Amino acid sequence: MRKVILDLAVTLDGYIEGSNGEVDWCIPDDDMDFPGFLAGIDTILYGRVSYEMWGNFQPDASAGETEKAIWAAVHTKKKMVFSSQEWQDSKATFISSAIPEKITQLKQQDGKDIWLYGGAKLITTFIQNGLIDVYRISVHPTVLGAGKPLFQDLKERINLHLTEVNRFKSGVVQLIYERKV
């Protein structure tokens, strides 16, 4: 069965973005093998705001070839957007209700794994409903002191099993956990 993977950058103090939405603390690191991660997925899940910001993002002409290739790969994936508002975009499927049921159906379909991109509200909904199979968290060597925390409004404990640890030259440490069932 396909897995939902939360692949996300966080600060050392657990924030996914600063108080003003900033993510300038994210350190791109070539040895993280993001293209390898993208090769293992075929679907990306977005909240509406994240999709508006990143769902159709195109790097500018001065971007490096690696960045351009990553975005080109992202845009080959099926995109699903979760929103309570009515939306139309020919590049995505929009979902406004019955999230647990639709994710269960999606996981049972043939295909590669599924990337839960975000935003914060969607991630919280997935966490609260036990829909994340793999937490792939890249901890960046920055402490913000305030912002949007990764884990908020938890209703119960989440037990995880550490499956892999990767350390990168940038100082980023990637922790990969699977949810204990």
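In table form, for the structure just shown:
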item	result
Positions within the stretch 135-181 being of a type in the set (V, I, T), in contact (Cβ under 8 Å) with a residue 12 or more places away in the chain and either closer than 14 Å to L6 by Cα or in a loop (DSSP other than H, G, I, E, B) (or both), in sequence order	I137, V139, T142, V143, I158, V172, I176
Subset of the stretch 1-40 [closer than 15 Å to N166 by Cα and among the small types (G, A, S)]	A9, G36
T76 part of a loop (DSSP other than H, G, I, E, B), modelled with pLDDT of 90 or more, within 20 Å of I5 (Cβ to Cβ) and within 17 Å of the chain's Cα centre (by Cα)	yes
Qualifying position, being part of a helix (DSSP H, G or I), farther than 23 Å from M1 by Cα, out of contact with any Leu (no Cβ under 6 Å at 6 or more places or on another chain) and free of Cβ contacts under 8 Å to residues at least 12 places away in the same chain, among K121, K68	K68
Unmet requirement for V74, which otherwise passes all of (1) in contact (Cβ under 8 Å) with a residue 40 or more places away in the chain; (2) among the β-branched types (V, I, T); (3) within 24 Å of G21 (Cα to Cα)	(1)
I127 modelled with pLDDT under 95 and either aromatic (F, W, Y) or more than 15 Å from the chain's Cα centre (by Cα) (or both)	no
Flag for P100 being surrounded by fewer than 15 Cβ atoms within 10 Å (Cβ to Cβ), touching a residue at least 24 places away in the same chain (Cβ under 8 Å) and touching a helix residue (DSSP H, G or I) at 6+ places or on another chain (Cβ under 7 Å)	no
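The values are calculated or read from the model by the stated rules, or taken from the named source; none is laboratory data. A quick note: this is a predicted structure, and the numbers were derived from the prediction, not measured. Here the Cβ is made from the backbone with ideal geometry for all residues, glycine too, and neighbour counts use every protein chain on show.
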